[in-house]
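Everything below concerns the one structure shown next.
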Ligand SMILES: NC(=O)c1ccc[n+]([C@@H]2O[C@H](COP(=O)([O-])OP(=O)(O)OC[C@H]3O[C@@H](n4cnc5c(N)ncnc54)[C@H](O)[C@@H]3O)[C@@H](O)[C@H]2O)c1
């Protein structure tokens, strides 16, 4: 009989446990979407425990997911020591994530589902990547589009070579780097076969207000470009086309509209272009796909679709964009090393989860 893996959650708020109540009307999202709802839906996992600093959040989590109070924790270290989970979710804010990830790995946790953005500095991303590699941990960061069947179909179309070689990738609304663009940078990495980015160049709105000394005091938005090792160019535009993405290949264009709910194709000839068919895919929960990917890695020892390396490069792009502005808009070679900037929001207050639909 297949093993049932014991899953636990640190950070039981919106993405941890209750966001399904906010996103159920979205066309591009198939539920379950929160970590806890993903474990509940997965036939191979049992959600056994939760940790949060807020007692009311723990109580609501326990009641919604049928986790009894002897498995609620306010100290995440106690959860890891007492419960020894096979899979650990970390859905706190990025400022707390690195410490928790490194402690979990040190305590022998073998699979991690960690939210985006990975962490709060380049040094933290390096430490996480190194610990994951050294301990052979399966880590997926919650950039859900990587496990979304529509974007998987988009990647398959690029990889098929039907339209020739991939040339450019465009994000049409970059948004704030840590919270929003971390999703989109991961999508560009994924669509380009996780080829390493080699340099970035960017402009950051309200830079002087948000970056004080070595502290990035709130989530900056901006626009920029990134060049990958295979000479594919990524454009992170900050226009108003919202969550739309485009891949331009030698003889065709693939455009994801409505956050990946519709994937259109168009052929490009020198003097004309013609609409092709939309790409077909089955709607499925990206969170459940991500959890199943971790289960598969635990079953087989095979690599996950995500991994710490792509999460590390994601962090490099975020800080590379900020560094580019700091250097007056210069082109910045990646990886950044000995980088001193750190994401520190002094006034950040956790959001109130929506406990019921409607
Ligand atoms: N994948 C997605 O689509 C998606 C959507 C929403 C949010 N997110 C990400 O998920 C993360 C969480 O977002 P949220 O909106 O749920 O945040 P939130 O601020 O509402 O919740 C974070 C929770 O973590 C708890 N916490 C903080 N430090 C802790 C610690 N040391 N031990 C235990 N609990 C601790 C807080 O009490 C809080 O309840 C963020 O990184 C966010 O960017 C991802």
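Readers should treat all values here as calculations from the given coordinates under stated rules, not as data from a laboratory. Owing to the predicted nature of the structure, the values given are computational and were not obtained by experimental measurement. Cβ coordinates were reconstructed from backbone atoms using ideal geometry, including for glycine residues, and neighbour counts include every protein chain displayed.
Here are a few things to note about the model shown:
- Coordinate range of the alpha-carbon atoms in segment 1-74 per principal axis, descending: 38, 37, 16 Å.
- The order of 115, 59, going from fewest to most other C-beta atoms within 10 Å of their C-beta, is 59, 115.
- Its residue count N sets the reference 2.2 N^0.38 Å, and the alpha-carbon radius of gyration of the chain equals 0.98 times that reference.
- Computed from the C-beta positions of residue 344 and residue 103, the FRET efficiency with R₀ = 22 Å rounds to 0.65.
- Whole-number percent relative contact order across the chain, with pairs defined as alpha carbons under 8 Å at least 6 apart: 22
- Across all directions, the average projected area of the convex hull around the alpha carbons of segment 192-231 is 3.6 nm².
- Of 81, 41, 131, the one that fluctuates the most in a GNM where the chain has Cα springs shorter than 10 Å: 81
- Unit Cα scatterers, Debye sum, segment 96-161: log10 I(q)/I(0) for q = 0.13, 0.26 Å⁻¹: -0.45, -1.05
- Footprinting exposure proxy ranking of 73, 355, fewest other C-beta atoms within 10 angstrom first, gives 355, 73.
- Degrees separating the helix 286-300 axis from the principal Cα axis of the chain, which is the longest one: 70
- Segment 1-44 - Rg over Rh from alpha carbon coordinates, Kirkwood radius: 1.05
- Computed extension length for residue 156-residue 56: 31.6 nm, one decimal, from 0.36 nm per residue of separation with the Cα-Cα distance subtracted.
- Directionally averaged projected area (segment 287-358, Cα convex hull): 9.1 nm².
- Helix 55-65 and the longest principal axis of the C-alpha atoms of the chain enclose an angle of approximately 80°.
- The alpha-carbon positions of segment 90-228 define a convex hull whose volume is 128 Å³ per residue.
- Only alpha carbons enter this Debye calculation for segment 37-87, each as an equal point scatterer, and the log10 of I(q)/I(0) it gives at q = 0.19, 0.21, 0.24 Å⁻¹ is -0.61, -0.74, -0.93.
- Spherically averaged projected area of the convex hull of Cα atoms, segment 217-318: 9.8 nm².
- Ratio Rg/Rh [Cα only; Rh per Kirkwood] for segment 152-247: 1.02
- Cα radius of gyration and Dmax for segment 262-324 (Å): 18.6, 52
- Pairwise alpha-carbon distances in segment 17-127 exceed 16 Å for 62% of all pairs.
- Relative contact order, percent, segment 279-358 [alpha-carbon distance under 8 Å, six or more residues apart]: 16
- Within a Gaussian network of the chain (alpha carbon springs, distance under 10 Å), most fluctuating of 307, 161, 16: 161
- Ordering 214, 267 from the fewest to the most neighbouring beta carbons within 10 Å gives 214, 267.
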